[in-house]
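The values are calculated or read from the model by the stated rules, or taken from the named source; none is laboratory data. Fair warning: this is a prediction, and the values are worked out from it, not measured in the lab. Neighbour counts run over all protein chains shown; Cβ positions are idealised from the backbone, glycine included. For accessibility, only protein heavy atoms count, side chains too; no ligands or nucleic acids. Shrake-Rupley method; radii C 1.70, N 1.55, O 1.52, S 1.80 Å.
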Amino acid sequence: MSLITVERKILEKNDEIAALNRQLFRERKIIAFNLVSSPGSGKTSLIENTIQCLNHKIKVGVIEGDVQTNLDAERIDALNVPVVQIVTNGSCHLDAMLVRDAFSKFDSHVLDILFIENVGNLVCPAAYDLGERMKVVIVSTTEGDDKPLKYPAMFRNSEALIINKMDLLSYLNCSIAELRKNALLINPSLKIFEVSCTSGEGIGKWCKFLIEMSNHDEKQG
Amino acid sequence: MHEISIAEEIIEIVSGYLPQAKNISVKSVMINLGKFSNIMPEALKFGFEVLINDTKLNGATLNINKIPLTIRCNNCGTESELDEPFFYCPNCESGSVEILTGMEMNVIEIELND
């Protein structure tokens with residue numbers, strides 16, 4: 001019987017490519033956000049609202065990840081923003097290589113912000129670094145206030161939480177105070193934004209955060 | 001849900017260590033799996049067993065070391081094991097804590113039949 005001692009990270013290949021992506025984004029002065037949520041929380045609607053609010057003052061590019069169809073890419077394309085659709089054909093998450101290939105298709109576009117919309121899933125995308133600056137987790141009021149407790153890794157690995165569908169709150173059994181409390185139990189440093197992609201409530205505050213991040217980066221050079 | 005992808009990565013890493021000789025076979029593979037790694041051990045084992053058919057790992061067992069979730073408090077310095085992933089220091093209740101263990105997903109050891 002012979003033993004081989006190994007000590008290798010199982011996701012090392014993904015992590016190496018993610019590091020290359022991160023370096024590439026830094027060189028091109030692009031802030032990349034990895035948007036994660038369950039299906040139907042409003043990731044695409046948030047991107048649409050954000051693009052409209054920023055009104056081309058900040059140059060946005062979008063990578064859309066879905067198991068099937070390019071429906072989301074069509075929505076973004078209608079706003080005259082560069083977009084690349086990744087169809088994963090069944091895979092439940094994006095990985096760094098898929099993002100690298102997709103990003104190469106933007107070729108000469110100059111971007112300030114890249115939104116990477118992950119596959120709707122609160123489990124698997126938590127494990128895969130794509131080279132993003134930060135993960136942003138979106139949860140909608142219709143999903144209930146206990147989501148952070150049920151899917152803690154995603155909330156721990158994200159730096160910002162967007163609570164969407166605030167306009168529906170009066171019809172639902174969802175307490176924002178409870179949702180905030182649960183999210184902060186998992187990750188006390190989460191920045192939390194309350195928005196409605198239907199009424200536009202809170203989108204301005206979120207965009208202000210993006211502009212500040214972008215300006216801060218420019219000053220840092 | 002992504003256990004199949006993880007099993008594929010394990011097989012690729014292990015395959016890179018195997019000697020070229022034709023009669024080499026793998027008895028077992030040991031991995032460390034953190035409690036907070038979001039991986040279901042049973043699903044990972046199932047994925048591994050299915051995928052090793054027709055590879056040099058055919059017949060190998062996947063042994064999983066489960067690593068507890070432990071933290072160190074940045075405020076009072078206490079090290080604690082957490083049963084649930086609520087990231088507060090049980091001693092002083094500070095939310096400023098650092099994860100020490102529990103995120104691992106590492107291939108540790110390969111045992112060959114010889």
Residue tally, condition over 28 Å from A:Lys13 (Cα atoms) and crowded, with 18+ Cβ neighbours inside 10 Å, over region B:79-114: 5
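Table: residues versus (1) surrounded by 16 or more Cβ atoms within 10 Å (Cβ to Cβ); (2) at pLDDT 95 or above; (3) under 17 Å from A:Ser41 (Cα atoms).
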| position | (1), (2), (3) |
| --- | --- |
| A:Val84 | yes, yes, no |
| A:Asp101 | no, yes, no |
| A:Leu122 | yes, no, yes |
| A:Arg133 | yes, yes, no |
| A:Lys150 | no, no, yes |
| A:Ile176 | no, yes, yes |
All strands (runs of 3 or more DSSP E) inside region A:1-103 with 2 or more residues being touching a residue at least 40 places away in the same chain (Cβ under 8 Å): A:31-37, A:60-66
Qualifying residue in region A:111-124 (condition: touching a Phe, Trp or Tyr at 6+ places or on another chain (Cβ under 8 Å), among the hydrophobic types (A, V, I, L, M, F, W, C) and within 14 Å of chain B (Cβ to nearest Cβ)): yes
Filter result (touching a strand residue (DSSP E or B) at 6+ places or on another chain (Cβ under 8 Å) and open to solvent by 20 Å² or more (accessible area, probe 1.4 Å)) within region B:1-18: B:Tyr17
One residue from B:Thr61, B:Thr101, B:Thr70, B:Thr78 being modelled with pLDDT of 95 or more, in contact with a Lys or Arg (Cβ under 8 Å, 6 or more places away or on another chain) and closer than 27 Å to A:Pro148 by Cβ: B:Thr78
Residues satisfying the stated conditions in region B:10-22, i.e. free of Cβ contacts under 8 Å to residues at least 40 places away in the same chain and not in a loop (DSSP other than H, G, I, E, B): B:Glu12
Residues being β-branched (Val, Ile, Thr) and open to solvent by less than 10 Å² (accessible area, probe 1.4 Å) - total across region A:61-80: 3
Matching residues, region A:1-52, being closer than 23 Å to B:Glu9 by Cβ, open to solvent by 40 Å² or more (accessible area, probe 1.4 Å), more than 14 Å from chain B (Cβ to nearest Cβ) and of a type outside the set (A, V, I, L, M): A:Arg22, A:Gln23
Filtered residue count, region B:74-104, keeping only those that are more than 9 Å from every other protein chain (Cβ to nearest Cβ) and part of a strand (DSSP E or B): 7
Among (1) over 29 Å from A:Asn89 (Cβ atoms); (2) open to solvent by 10 Å² or more (accessible area, probe 1.4 Å) - the single one B:Glu49 does not satisfy: (1)
B:Lys45 vs. criteria part of a strand (DSSP E or B) and modelled with pLDDT of 95 or more: no
Every pair of residues 6+ apart whose Cβ atoms lie under 8 Å, when the first sits in region B:23-36 and is open to solvent by 10 Å² or more (accessible area, probe 1.4 Å) while the second is of a type in the set (Ser, Thr, Tyr) and part of a strand (DSSP E or B): B:Lys27/B:Thr61; B:Ser28/B:Thr61
